[in-house]
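Data first, discussion second: the structure below is written as structure tokens.
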Amino acid sequence: MTDLSTTETAVEQLRLEPLPAQDPAIGRALWQLEGARGRLKKALHDLDETMLDWEPYPGGNSVGTLLYHIAAIELDWLYFEVLEQEFSPEVQALLPYPVRDEARRLFAVTAVPLTTHLHRLDTARQMLLDVYARLTLDDFRQARQLPQYHVTPEWVLYHLTQHETEHRGQMQETMALWQLRDKMRRET
């Protein structure tokens, strides 16, 4: 006879487990956002740090630039849209570079170690989780009336999940191009 407890633990559990929040709907949305972050970190696990600043083509974004951008945009949406306030001094210190350059391209963030990028991402995420854990469901779905649009904190989480996922795809493509470039150099 098979011991079910042993069999069950060997099977991967694919289910949503809400994170701590005032309402399970908020906790599920936070879990999805955290899932995107987990997949990003997994993609970076074997990253060759010498490629953090490498641009895959002229005008392309490096992995380091994209990591900075993800953290900066997460905090931008949290502060300006959800909280409707300016950055705190702590956030300003966390984001020493502008998001875009004079040409409106992402500002190239170079010479920053992966550990610093990951710390920035973790700090930004904890700030967001702390704010969202305190929101009521009504506040989560209450539109912020900004001059350019009306936006709910619920939509912000949807957008940030999509934003991070799309940039993870860019980073994975950049890492694949780096590996291909290295392979071609070794073969010549």
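The values are calculated or read from the model by the stated rules, or taken from the named source; none is laboratory data. If you're wondering where the values come from, they're calculated on a predicted model, not measured in any experiment. Neighbour counts are summed over all protein chains in view; Cβ atoms, including those assigned to glycine, are modelled from backbone coordinates with ideal geometry. Keep in mind that these areas ignore ligands, DNA and RNA; they rest on the heavy atoms of the full protein, side chains included. Shrake-Rupley method; radii C 1.70, N 1.55, O 1.52, S 1.80 Å.
With the requirement that a residue be in a helix (DSSP H, G or I) and of a type in the set (Ser, Thr, Tyr), what does the range 167-188 give you? Break it down stepwise before answering.
The first filter runs over the range 167-188 and keeps only residues in a helix (DSSP H, G or I), leaving 167-187.
Within the range 167-188, just Thr174 meets the criteria.
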Quiz item: So which residues in the range 56-99 are open to solvent by 70 Å² or more (accessible area, probe 1.4 Å), free of Cβ contacts under 8 Å to residues at least 40 places away in the same chain and charged (D, E, K, R)?
Solution: Glu86, Glu90
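Filter the range 122-169 down to the residues that are of a type outside the set (Val, Ile, Thr) and farther than 20 Å from Gln85 by Cα and list them by number.
Asp122, Leu137, Tyr158, Gln162, His163, Glu164, Glu166, His167, Arg168, Gly169
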Exercise. From (1) assigned to a helix (DSSP H, G or I); (2) without any contact (Cβ under 8 Å) to a residue 60 or more places away in the chain; (3) within 30 Å of Asp182 (Cβ to Cβ); (4) open to solvent by 20 Å² or more (accessible area, probe 1.4 Å), pick out the condition that doesn't hold for Leu118.
Key: (2)
Exercise. Just name the residue that is modelled with the lowest pLDDT out of those in the range 167-188 that are acidic (Asp, Glu) and surrounded by 12 or more Cβ atoms within 10 Å (Cβ to Cβ).
Key: Asp182
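Just checking, which of Gln142, Gln162, Gln126 is within 26 Å of Lys41 (Cα to Cα), open to solvent by 80 Å² or more (accessible area, probe 1.4 Å) and either out of contact with any Cys (no Cβ under 8 Å at 6 or more places or on another chain) or assigned to a strand (DSSP E or B) (or both)? Spell out the reasoning first.
Numbers: Gln142 fails: within 26 Å of Lys41 (Cα to Cα); Gln162 fails: open to solvent by 80 Å² or more (accessible area, probe 1.4 Å).
Going through Gln142, Gln162, Gln126 in turn, just one is within 26 Å of Lys41 (Cα to Cα), open to solvent by 80 Å² or more (accessible area, probe 1.4 Å) and either out of contact with any Cys (no Cβ under 8 Å at 6 or more places or on another chain) or assigned to a strand (DSSP E or B) (or both): Gln126.
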Practice problem: For the range 77-91, state whether one or more residues are touching a Leu at 6+ places or on another chain (Cβ under 6 Å), of a type outside the set (Phe, Trp, Tyr) and in a loop (DSSP other than H, G, I, E, B). | Solution: no
Practice problem: Would you please list the contacts, defined by Cβ atoms under 6 Å and residues six or more apart or on different chains, that run from a residue in the range 150-171 that is within 20 Å of Asn61 (Cα to Cα) to a residue that is of a type in the set (Asp, Glu) and part of a helix (DSSP H, G or I)? | Solution: Leu160/Glu74
Practice problem: Within the range 27-45, identify whether any single residue is farther than 16 Å from Thr161 by Cα, open to solvent by less than 80 Å² (accessible area, probe 1.4 Å), among the hydrophobic types (A, V, I, L, M, F, W, C) and touching a helix residue (DSSP H, G or I) at 6+ places or on another chain (Cβ under 6 Å), and answer yes or no. | Solution: no
Practice problem: Mind listing whichever residues of the range 100-112 are touching a residue at least 12 places away in the same chain (Cβ under 8 Å) and either open to solvent by less than 60 Å² (accessible area, probe 1.4 Å) or touching a strand residue (DSSP E or B) at 6+ places or on another chain (Cβ under 7 Å) (or both)? | Solution: Leu106, Phe107, Ala108, Val109, Val112
Exercise. Would you mind finding the one in Ala36, Ala71, Ala43 that is farther than 17 Å from Ala124 by Cβ, modelled with pLDDT of 95 or more and in a helix (DSSP H, G or I)?
Key: Ala43
